[in-house]
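Participant: Quick one: structure below, then a few questions.
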Amino acid sequence: MPEPILSIRDLVVEFATEDGVVHAVDGVTYDVFPGETLGIVGESGSGKSVSQLAILGLIPQPPGRILRGEAEFEGKDLLKMSKKDLRRLRGGQVAMVFQDPMTSLNPVLKIGHQIAEAIQAHQDDVGDKAAKARTIALLELVGVPNPDRRYDQYPHEFSGGMRQRAMIAMAIANDPKLLIADEPTTALDVTIQAQILETLKTAQEESHAATILITHDLGLIAELADRVVVMYAGKVVELTDVQTLFAAPRHPYTVGLMDSLPRLTVDEEWLRPIPGQPPSLISRPPGCAFHPRCFLSQGRTRCRTEEPPLRVIGPDGHLSACHFAEELVGQSSKLIDEPVAGASS
Amino acid sequence: MTETTPEGDVKFPPVVGAGADGATISPATPEAAVVADLPDGIDLVHESGLELKSRSQWAYARRRFVRHRLAMVSLVVLAIILLAGAFANLITPYSFAAQDFAHSGQAPTFKAHHFFGTDVLGRDYFSRVVYGIRTSEKVALIVTLVSTVIGTLIGAVAGYYSGWVDNILMRFTDLILTLPGLAVLLTAAAFIGTGNPIRVAFILALLFWTALARIVRGSFLSLREKEYVEAAKAAGSGDLRIMFRHMLPNAVGPIVVNATLIVGIAILTEAALSFLGFGIQPPNPSLGKLINDGQDVSSSMWWLVTFPGLTIVLIVLCINFIGDGLRDALDPTQRRTRA
């Protein structure tokens, strides 16, 4: 196995709020390998985005606080890096695509200038003309028509899809080694989503960047990801490759997620959501955080008292944090009629 | 934020088609005529010129401002006054200090070009008022520039960094705000001396930046939470670049409006100071000093108080109206224009 480009070890991020300490990310560990796409799924507040923002030094401190952990990027620990070095890294070797393209572009600056600025901020030797030429080439690459003319336009003259393309162009402007896409299609129309997916793929191929795709859309995961991290209440509960995840999930939460997807083959009147609410991150349930909603737990004491470690339960390093993951063997496919790729959660 | 082009650009084809020879072909329906009149019968939108022309934010602001009647009138009046001051040496018939004893105490007249009359020393009051405008201009320009720069810097730093930086800077701002302005000005004038308009201007500037600092801080506090600021951070932009390239342009509206108001306040305060004898010293004419000069004899020579006074009122009114117009124009949520 090749060396991981990013390896996060036991990352703990907390936020001090008036109601108490929010354990947003609680001991998260995973690797990202060069060229792969790692999907991170989980519901709102499961810590998907915060873990990424934290390693890039983008969470406000205070109230945020990185309690412990390591985030090694190409051998250097991002959490120990100086602010200046981290700033050089951001937008350079590690770039981000944000969720909402309507608000992520500065309304008073021309699109072209924003991208050109991102280039020149990291490559001092690039002149104005070269930066403009590169920007226009990038806009063309991500499928913005008339890039020459579009270069001089303001964000309000761009549609949502076009803006997200511009954001992607900006993200790959400096040939990043790691691209973090934080719910890149959530704010867009379904029809535009498909186009942006294509654009993302193009951008990935062009930059050969490893990609972290943060989403709650299992369809997007099925489409783009190579491996998947499933997060729940600030913890990784399952980690495996995308085929295994959809064919043989080994955590009841993942099974529940799959089960809640609408099926195209069966005439259903009701969706089957996971019962209950996501837990409060201020006072997590004892033991396994998922046990109050779990169909597998059925009141077993061990779920309530003992926190399940993330352990290897299958081939190719399939990890699951469930005491009774083995009970799902051969069962999960019965619980979920069929994996539904392309449908949205 | 789109609007169609002005009516002039919208070219609908004529409803009833006319042949080249002018003979009217009578179609069965008007619709048929429209279609018949189009060269290709397709591409209606393109042919009718209904394409939406995009406008920048500034174009919208300009439009709104131009439609603000009071502001436009004020702008013209102010421009005339300011130009008169700027080219004082070209338009005044006399030097501001030249004495004409034959006509001392002359009421306003067109004879010998004493439009605003003369004072007891026989100095032409029109010339003195115009030179007074020039002095006010100098003072207002410096006060506005210096206080806007100080206020913007302090407000931007406080709002961007927040926390203890914000606390220190804002308590300092509060401190300046609590100072009784006129008392400080009089003391400062007595200590470091006045007479020089530039010196007076700097004293004023050091007192006038507080309101702007608070406004800019407020804008920056809200702007720093914007996603494009986070995006700029994620793209590796440094603090200075984020503050002055990404955030400042978004806060420019209130800054410009405040600057115009400071111009008015500066002119007024300078006049008040000079009236009290602590501002500009003779022989430099200043509008406030002119009123003071004329005060003693105002019962017999009404023009000595009236003309400089009117000039001050006119300037400050115009500036305030322009400020109003700018505020409306720079408010992007406002689509409609007020008269």
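The values are calculated or read from the model by the stated rules, or taken from the named source; none is laboratory data. Small disclaimer: the values here were computed from a predicted structure and weren't measured. Here the Cβ is made from the backbone with ideal geometry for all residues, glycine too, and neighbour counts use every protein chain on show.
Participant: Answer yes or no as to whether B:GLY288 is buried (at least 23 other Cβ atoms within 10 Å of the Cβ) and in a loop (DSSP other than H, G, I, E, B).
Facilitator: no
Participant: Which condition from (1) in contact with a Leu (Cβ under 8 Å, 6 or more places away or on another chain); (2) of a type in the set (A, V, I, L, M, F, W, C); (3) more than 14 Å from chain B (Cβ to nearest Cβ) is the one that A:PHE33 breaks?
Facilitator: (1)
Participant: Restricting to the stretch B:240-267, what's the tally of residues that are within 9 Å of chain A (Cβ to nearest Cβ) and closer than 30 Å to A:LEU178 by Cα?
Facilitator: Final tally of qualifying residues: 4.
Participant: List every residue pair whose Cβ atoms lie under 6 Å apart, where the two residues are 6 or more positions apart in sequence or sit on different chains, the first residue falls within the stretch A:74-103 and is more than 9 Å from chain B (Cβ to nearest Cβ), and the second residue, located anywhere, is of a type in the set (D, E, K, R) and part of a helix (DSSP H, G or I).
Facilitator: A:PRO101/A:ARG163
Participant: Search the stretch A:234-248 for residues being farther than 21 Å from A:PRO285 by Cβ and of a type outside the set (Ser, Thr, Tyr), and hand back the single one that is surrounded by the most Cβ atoms within 10 Å (Cβ to Cβ).
Facilitator: In this case the residue turns out to be A:LEU245.
Participant: Within the stretch B:99-132, track down each residue that is closer than 27 Å to B:LEU78 by Cα, in contact with a strand residue (DSSP E or B) (Cβ under 7 Å, 6 or more places away or on another chain) and not in a helix (DSSP H, G or I).
Facilitator: Within the stretch B:99-132, B:HIS114, B:THR118, B:ARG123, B:ASP124 qualify.
Participant: From the list B:ASP293, B:ASP324, which residue is buried (at least 19 other Cβ atoms within 10 Å of the Cβ) and over 30 Å from A:ILE115 (Cα atoms)?
Facilitator: On inspection, the qualifying residue turns out to be B:ASP293.
Participant: Could we say that A:GLY35 is of a type in the set (Gly, Ala, Ser), farther than 20 Å from A:GLY69 by Cα and modelled with pLDDT of 85 or more here?
Facilitator: no
Participant: Restricting attention to the stretch B:181-237, and to residues there that are over 30 Å from A:LEU105 (Cα atoms) and assigned to a loop (DSSP other than H, G, I, E, B), which single residue is nearest to the other protein chains (Cβ to nearest Cβ)?
Facilitator: B:TRP209
Participant: Further, regarding this structure: Please go through the stretch A:182-234 and pick out each residue that is of a type in the set (Ser, Thr, Tyr) and in contact with an Asp or Glu (Cβ under 9 Å, 6 or more places away or on another chain).
Facilitator: Of everything in the stretch A:182-234, those that are of a type in the set (Ser, Thr, Tyr) and in contact with an Asp or Glu (Cβ under 9 Å, 6 or more places away or on another chain) turn out to be A:THR185, A:THR186, A:SER207, A:THR211, A:THR215, A:TYR232.
Participant: Helices (runs of 4 or more DSSP H) wholly in the stretch A:124-220 with at least 2 residues that are crowded, with 17+ Cβ neighbours inside 10 Å and within 14 Å of chain B (Cβ to nearest Cβ) - which ones?
Facilitator: A:128-141, A:160-171
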